[in-house]
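Q: Here it is: the structure, laid out below.
Computed from the coordinates by the stated procedures, all read-outs in this text should not be read as laboratory data. Everything quoted here is computed from the prediction, not taken from an experiment. Note that each Cβ is placed from the backbone with ideal geometry, even for glycine, and that neighbours are counted across all protein chains shown.
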Amino acid sequence: MKISSNHINDTNLNSYGLDVAKLIKESNYKELSGKYGYALSFGKKESEIIRKDLEGALSSSGRNSVLDNEKPPIINIQYMKSNESKLIAIVECELPILRGAGNILVELVVAGKANDYHISMEQISYQA
């Protein structure tokens, strides 16, 4: 999703993380992929790959693991030093798991230069 340089701050990046967490908890993968894309889709239908990767991450936690819709996500933001890849920030969304240990980690990446900035979903994984 294209964003302005004014949105590259803790408040707005936290809001993007909360939006991603909400869409995942609602199983709204179509809107999620439409807004943020998914780097690991490799040209396949993004919404379907998001669903499969989330299911795979949950199964790594335990057989009957599901997201805990009652607990809020934990959002962590890391800003990068200037670099050639134009990576500006990483937004980590930790989604608590019910009936299992650990969290589901969803990573968003902010990259760009000179008023051409984007935030996109990079990866979904299990975090013990």
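Q: Could you tell me whether residue 114 is surrounded by fewer than 17 Cβ atoms within 10 Å (Cβ to Cβ) and either among the charged types (D, E, K, R) or touching a Ser or Thr at 6+ places or on another chain (Cβ under 8 Å) (or both)?
A: So residue 114 fails the test.
Residues are listed down the side, and each one gets a yes or a no for (1) touching a residue at least 12 places away in the same chain (Cβ under 8 Å); (2) outside any loop (DSSP other than H, G, I, E, B):
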position: 11; (1), (2): no, yes
position: 27; (1), (2): yes, no
position: 31; (1), (2): no, yes
position: 43; (1), (2): no, no
position: 50; (1), (2): yes, yes
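Q: Scan the stretch 52-62 and tell me whether some residue there is in contact with a helix residue (DSSP H, G or I) (Cβ under 7 Å, 6 or more places away or on another chain) and part of a strand (DSSP E or B).
A: no
Q: Say we look at the stretch 73-99 and pick out the residues that are out of contact with any helix residue (DSSP H, G or I) (no Cβ under 8 Å at 6 or more places or on another chain) and small (Gly, Ala, Ser); which of these is farthest from residue 8 (Cα to Cα)?
A: Taking the candidates together, the pick is 85.
Q: Further, regarding this structure: Could you tell me whether residue 55 is of a type in the set (Asp, Glu), loosely packed, with under 15 Cβ neighbours inside 10 Å and closer than 21 Å to residue 103 by Cβ?
A: Yes: the conditions hold for residue 55.
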